[in-house]
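Novice: My structure is below; once you've seen it, I'll send some questions.
The values are calculated or read from the model by the stated rules, or taken from the named source; none is laboratory data. This one's a predicted model, so the numbers in the text were calculated from it and none came from an experiment. Because the Cβ atoms are built from the backbone with ideal geometry, glycine has one as well, and the counts that use them run over all protein chains shown. For the accessible areas, the whole protein counts, side chains as well, though only heavy atoms, and no ligand, DNA or RNA atoms are used. Shrake-Rupley method; radii C 1.70, N 1.55, O 1.52, S 1.80 Å.
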Amino acid sequence: MTKIYISGKVTGLKNPQWKFERTENHLKKLGYEVVNPTVLCEGMTSWRDAMKICIKHLLECDAIYMQPDWVDSRGSKIELKYAQKNGLEVIFE
């Protein structure tokens, strides 16, 4: 089973969990094992600490799924670079 990491804008959104959950459910229906960063970092207040956790989990995946708003996210741009540098498959929504 392909393990896939969801990447998208979080900072500045009131409730980003709903869009990540929607994407997670969609990807699970397609047969992926899904890593949802809003679950990994729930309750964290430090962007830097959250990114450390996210990058660690990203590098354990086979692919990254880029939500459309990734272009507005500093963290998503960093995650995309790590994914490309480490040979992960990149899927754009």
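Novice: If you stretched the chain out fully between Asp49 and Thr2, how much longer would it get, using 0.36 nm times the residue separation minus the C-alpha to C-alpha distance?
Specialist: In short, 14.3 nm is gained.
Novice: For Rg/Rh (Cα atoms, Kirkwood Rh), which listed value, (1) 0.92; (2) 1.30; (3) 1.03, comes from the coordinates shown?
Specialist: Answer label, from the structure shown: (1).
Novice: Could you report the chain's accessible area per residue, 1.4 Å probe, as an integer in Å²?
Specialist: Per-residue accessible area for the chain comes out at 62 Å².
Novice: In whole Hz and in residue order, list the ³J(HN,Hα) couplings for the range 81-86 that follow from phi through the Karplus curve 6.51 cos²θ - 1.76 cosθ + 1.60, θ = phi - 60°; x for Gly and Pro.
Specialist: 4, 4, 4, 5, 5, 9
Novice: Turning to a different aspect of this structure: Estimate the FRET efficiency between Gln17 and Ala63 by the formula 1/(1 + (r/R0)^6), using the beta-carbon distance for r and 22 Å for R0, to the nearest 0.05.
Specialist: Using R0 = 22 Å, I get an efficiency of 0.55.
Novice: Can you tell me the dipole magnitude for the chain around its Cα centre, using point charges on the Cβ only (Lys, Arg +1; Asp, Glu -1), in Debye to the nearest 20?
Specialist: Result for the chain is approximately 220 debye, rounded to the nearest 20.
Novice: Sequence-distant or interchain residues sharing an amide H contact under 5 Å with Val35, placed H: which?
Specialist: Correct list: Ile4, Tyr5, Ile6.
Novice: Give a residue-ordered list of calculated ³J(HN,Hα) values for the range 35-46 (Karplus: 6.51 cos²θ - 1.76 cosθ + 1.60, θ = phi - 60°; whole Hz; x for Gly, Pro).
Specialist: Values per residue, Gly and Pro as x: 10, 9, x, 6, 7, 4, 10, 4, x, 7, 10, 8 Hz.
Novice: Here's a follow-up. What is the set of long-range amide H partners of Lys9 at a cut-off below 5 Å, with H atoms built 1.01 Å from backbone N?
Specialist: Asp69, Trp70
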